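Working notes, beginning with the structure itself.
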Amino acid sequence: MNSCVATGTDGTPKLSNRIVSCKLAPGLQTHGVPHPVNYLVAADGMLVRKYFVPNYQHRVTASSVALREFGAIVEGTAALTLRSGAFAAEIGLSAAKAFAGQQIGFFAKFRLDRGWHVCGAPLPTAYTTRPSRCPRYGL
Amino acid sequence: MKIEALDESLPVHCDSFQGLGSLLLGYPFPAGRTVFPGKLRFQQCSDAVCEAPETISFELPLTIEPFRA
């Protein structure tokens with residue numbers, strides 16, 4: 001990540017309170033293009049987290065932050081419900097609309113009936129996951 | 001989960017759990033309605049039986065908004 005505070009020709013900060021990209025050479029008009037960052041600030045003013053992406057053309061959506069931080073999904077966003085036997089999953093995106101270059105959230109909520117389980121990471125080192133084949137049963 | 005016959009413990013997911021991730025849309029990206037295809041692979045087991053592994057395909061719809069000058 002190349003970031004800095006851009007300065008004008010007289011050396012004074014051009015964008016003193018912003019993070020800017022200095023990947024582009026000094027002297028180019030686009031040197032110091034503002035670099036987008038989302039800050040999550042608590043009610044007491046403390047900075048909780050920052051969402052920073054390396055490419056200035058990309059943006060983290062508010063819906064993505066709300067999903068990751070609070071489990072919230074934008075109203076009107078459709079979620080799929082998948083079910084098989086004792087296993088059910090609700091899968092969806094954090095928003096129904098977005099612009100090119102935006103980062104949106106993805107969620108998958110799983111539920112199993114009592115007495116059932118699925119294996120998951122971390123598996124013991126002696127275990128490996130492989131596709132199963134049971135030709136006799138057409139599987 | 002304790003497997004008594006093998007005297008081993010295996011970490012498993014049960015009851016409710018969730019996963020979160022993110023999708024970064026390319027730039028540029030054509031405006032309009034698009035779908036993201038996905039596959040969910042899993043194998044559900046109880047203490048007595050493991051069902052055959054399953055794969056469920058799904059599609060997540062998303063509308064890409066056009067930029068306005």
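The values are calculated or read from the model by the stated rules, or taken from the named source; none is laboratory data. Everything quoted here is computed from the prediction, not taken from an experiment. Cβ placement follows ideal geometry from the backbone for every residue including glycine, while neighbour counts extend to all protein chains displayed. In case anyone asks, the SASA skips ligands and DNA or RNA and just uses the protein heavy atoms, side chains included. Shrake-Rupley method; radii C 1.70, N 1.55, O 1.52, S 1.80 Å.
Of the residues making up the stretch B:27-46, those that are over 20 Å from the mean Cα position of the chain (by Cα) and more than 7 Å from chain A (Cβ to nearest Cβ) are B:PRO30, B:ALA31, B:GLY32, B:ARG33. Only one of the numbered conditions (1) in contact with a helix residue (DSSP H, G or I) (Cβ under 8 Å, 6 or more places away or on another chain); (2) more than 9 Å from chain A (Cβ to nearest Cβ) is violated by B:THR55, and that is (1).
Taking chain B as the region of interest, the strands (runs of 3 or more DSSP E) fully inside it that hold 1 or more residues being of a type in the set (D, E, K, R) and in contact with a strand residue (DSSP E or B) (Cβ under 6 Å, 6 or more places away or on another chain) are B:32-42, B:54-65.
Among the residues of the stretch B:34-69, those identified as open to solvent by 70 Å² or more (accessible area, probe 1.4 Å) and of a type in the set (A, V, I, L, M, F, W, C) are B:ALA48, B:CYS50, B:PHE67, B:ALA69. Of the residues making up the stretch A:52-91, not one is facing chain B (nearest Cβ under 7 Å), open to solvent by less than 50 Å² (accessible area, probe 1.4 Å) and on the phi > 0 side of the Ramachandran plot. Given the structure, is A:GLY101 touching a residue at least 24 places away in the same chain (Cβ under 8 Å) and facing another protein chain (nearest Cβ under 7 Å)? Against the criterion (touching a residue at least 24 places away in the same chain (Cβ under 8 Å) and facing another protein chain (nearest Cβ under 7 Å)), A:GLY101 qualifies.
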